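These notes are about the structure you will find just below.
Here, each number is a calculation from the coordinates, and none is a lab measurement. Everything numeric here is computed off the predicted structure, so don't read it as measured data. Note: ideal-geometry Cβ built from the backbone for every residue, glycine included; neighbour counts use all protein chains shown.
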There are 2 protein chains.
Amino acid sequence: MSLVIVGSVAYDGVTTPAGKVDRMLGGACTYIALSASYFTPASIVGVVGEDFAQQDVDLLASRGIGLEGLERVPGKTFFWAGVYSADMNDRETLATDLNVFATFDPKLPAAYKEQPYLMLGNIQPALQRSVREQMPSLRLVGGDTMNFWINDFRSELLETLKGWNFLLINDSEAKLLSGESNLKKAAARIRELGPKILVIKRGEFGATLFHDGGYFSVPGYLLDSLKDPTGAGDCFAGGFIGYLASRGVDVNAPAGELARAVVYGSVMGSFCCEEFGVDRFRTLTRDDIEARFQEFQKLTAF
Amino acid sequence: MSLVIVGSVAYDGVTTPAGKVDRMLGGACTYIALSASYFTPASIVGVVGEDFAQQDVDLLASRGIGLEGLERVPGKTFFWAGVYSADMNDRETLATDLNVFATFDPKLPAAYKEQPYLMLGNIQPALQRSVREQMPSLRLVGGDTMNFWINDFRSELLETLKGWNFLLINDSEAKLLSGESNLKKAAARIRELGPKILVIKRGEFGATLFHDGGYFSVPGYLLDSLKDPTGAGDCFAGGFIGYLASRGVDVNAPAGELARAVVYGSVMGSFCCEEFGVDRFRTLTRDDIEARFQEFQKLTAF
């Protein structure tokens, strides 16, 4: 069933131990949508500048992604640049030019408002809430956030989280949001804030899902060669919510569906890292995804 | 089948966010033996001083551990003290008083020499090799090492590894030993050095097994309360080799047996952290172990 995705559409400049790309398509919304598009019809809400290239529009369209909500305004597209550490677990930001994203005010096309699934990428919590409030028929809604909003916009974020069914967050953010260093306790605290379905992403070490029935952990997939981790967390989110949307479930989804959604998220995150930026999605097929899902079954069975 | 364990028997002083114990039974050999004793008959080779308490001998004996190879010599028992960081992922050493352990020269009782399983705790690689050479009937042999031997005794260590079927090592050590930052490549390099069965321990994030048939990963168990991680890696080793010894397998063990050994290792490591030092083993039952093994099945199934 149809999924609406809100967030940044950007250009990135990335340096990793595997190479350097000065400018390539990026942004949370972009990665989430490309990833989710393998599972379910997806439409995006975002803003770009006059410099946004037709070939990038074409890539999104080639995956069937709805672009009615992709606003184009005078100015330049959001640009981020960063350099990764030797093990690619850390990165340093070299440039954050918000450009047209600085005044992003998500505008939902009328046709989007009745859609049943909503994934809110990492943007200002009040904006996330305003989108959610325009969609009265949601079956499942949730999103992502980051340290900046947790620290400096906490009350706004807490208000926003009350309306979410799921939250995807990394482990340091989970500890920051909850004030708990023990992951199980942190998860319990966060789930009291609203999102009954909580996924804590742990980078190369996998991910852990918390829900009413307990928890589920999947280890990280070991890549032969890691080129660029940019967007991996967003691709995880796209696989997670894309799979759940394809199954038509709501917040009471069976534990098995939630677990498989986490594995599909892991599958999509692992593919993302194999090439720079969104390049892996230029050739990735649904068969590749199923084959890696099977690999996950093999590498975790005992 | 019978397992021989060689390594340190010690007293530890430990400070963690959960508390402080000035002096408690410790040492790699101690933890490995206590853990393995739930699976298979185990005997130890180690050295203690005149201060080694009868109650500690009694604890080992109560688990049926063979103590013929526990030498008692004039002087004091090895003493280590350390303090853990807030998240317990790092620790600072405050004292390392080798005492009688400084001149440890493992002496194998005659009855041990025909045993089929050997686990070499983290000691000088040449000593590990000398023990291995005294045991001609081994079905499965391996052990542990650490940064110090990898850096300063590399050629000795490489010679020792040639004679091993399995190696248990943590991820930073695996990268150091192999010179590879990619875990899969690091594992391939290390397996060429001798140990066809390689377990890379990843602390709270679980463990990954590499063998001829590929790899297997198990995520970490989430503890409600973590009191003291001292000895967790050794308890992992004890569960791993203890289970394999109980199954009578050799280096050609089926992948499923190796995977289950890694899960039993994880189970034993998780119990170890629940109390200070070896305290959890004073009450732990085989039923507790089976119940947690089942929990691992539940938390990883999808």
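Details
- With respect to the stated conditions, A:LEU198 is under 21 Å from A:ALA232 (Cβ atoms) and either within 13 Å of chain B (Cβ to nearest Cβ) or outside any helix (DSSP H, G or I) (or both).
- If you go through the range A:166-208 and keep only what is within 18 Å of B:ARG202 (Cβ to Cβ) and among the aliphatic types (A, V, I, L, M), you end up with A:LEU183, A:ILE200, A:ALA207.
- Total residues in the range A:65-85, condition within 17 Å of A:THR16 (Cα to Cα) and of a type in the set (Lys, Arg): 0
- Residue count for the range B:154-185, restricted to those that are under 19 Å from B:PHE236 (Cβ atoms) and among the small types (Gly, Ala, Ser): 2
Each row is one residue, and each column tells you yes or no for (1) among the polar types (S, T, N, Q); (2) surrounded by fewer than 19 Cβ atoms within 10 Å (Cβ to Cβ).
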{"position": "B:ILE5", "(1), (2)": "no, no"}
{"position": "B:ARG23", "(1), (2)": "no, yes"}
{"position": "B:TYR31", "(1), (2)": "no, no"}
{"position": "B:SER37", "(1), (2)": "yes, no"}
{"position": "B:GLY66", "(1), (2)": "no, no"}
{"position": "B:GLY75", "(1), (2)": "no, yes"}
{"position": "B:ASP87", "(1), (2)": "no, yes"}
{"position": "B:ASP90", "(1), (2)": "no, yes"}
{"position": "B:LEU108", "(1), (2)": "no, no"}
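- Any pair with Cβ under 6 angstrom, 6 or more apart, that starts in the range B:277-302 at a residue that is within 14 Å of chain A (Cβ to nearest Cβ) and under 30 Å from A:GLN297 (Cα atoms) and ends at one that is part of a helix (DSSP H, G or I) and aliphatic (A, V, I, L, M): B:ARG292/B:VAL267; B:PHE293/B:VAL267; B:PHE296/B:VAL263; B:PHE302/A:ALA259; B:PHE302/A:VAL263
- Residues of the range A:210-268 classified as within 12 Å of chain B (Cβ to nearest Cβ), of a type in the set (Val, Ile, Thr) and in a helix (DSSP H, G or I), total: 3
- Test: residue in the range B:79-97 that is touching an Asp or Glu at 6+ places or on another chain (Cβ under 7 Å) and either more than 29 Å from B:ARG202 (Cα to Cα) or among the charged types (D, E, K, R) (or both): no
- Of the listed requirements (1) buried (at least 22 other Cβ atoms within 10 Å of the Cβ); (2) more than 14 Å from B:LEU168 (Cα to Cα), B:ARG189 misses just one: (1).
- Any hit, the range A:26-39, residues being farther than 30 Å from A:SER85 by Cα and part of a helix (DSSP H, G or I): no
- Total residues in the range B:119-138 satisfying the condition of being within 20 Å of B:ARG247 (Cβ to Cβ) and surrounded by fewer than 17 Cβ atoms within 10 Å (Cβ to Cβ): the figure is 1.
- Any chance B:SER181 is touching a Pro at 6+ places or on another chain (Cβ under 9 Å) and over 25 Å from B:GLY46 (Cβ atoms): yes
- Contacts under 8 angstrom Cβ, first residue in the range A:181-195 being more than 14 Å from chain B (Cβ to nearest Cβ) and closer than 16 Å to A:ARG154 by Cα, partner buried (at least 17 other Cβ atoms within 10 Å of the Cβ) and charged (D, E, K, R), 6 or more apart: none
- In the range A:72-92, the residues that are more than 19 Å from the chain's Cα centre (by Cα) and either closer than 14 Å to A:ILE5 by Cβ or free of Cβ contacts under 8 Å to residues at least 24 places away in the same chain (or both): A:SER85, A:ASP87, A:GLU92
- Cross-chain or 6+ apart pairs with Cβ under 6 Å, the range B:211-229 first and touching a residue at least 12 places away in the same chain (Cβ under 8 Å), then among the β-branched types (Val, Ile, Thr): B:HIS211/B:ILE197; B:TYR215/B:THR208; B:VAL218/B:VAL262; B:VAL218/B:VAL263; B:ASP228/B:VAL14; B:ASP228/B:THR16
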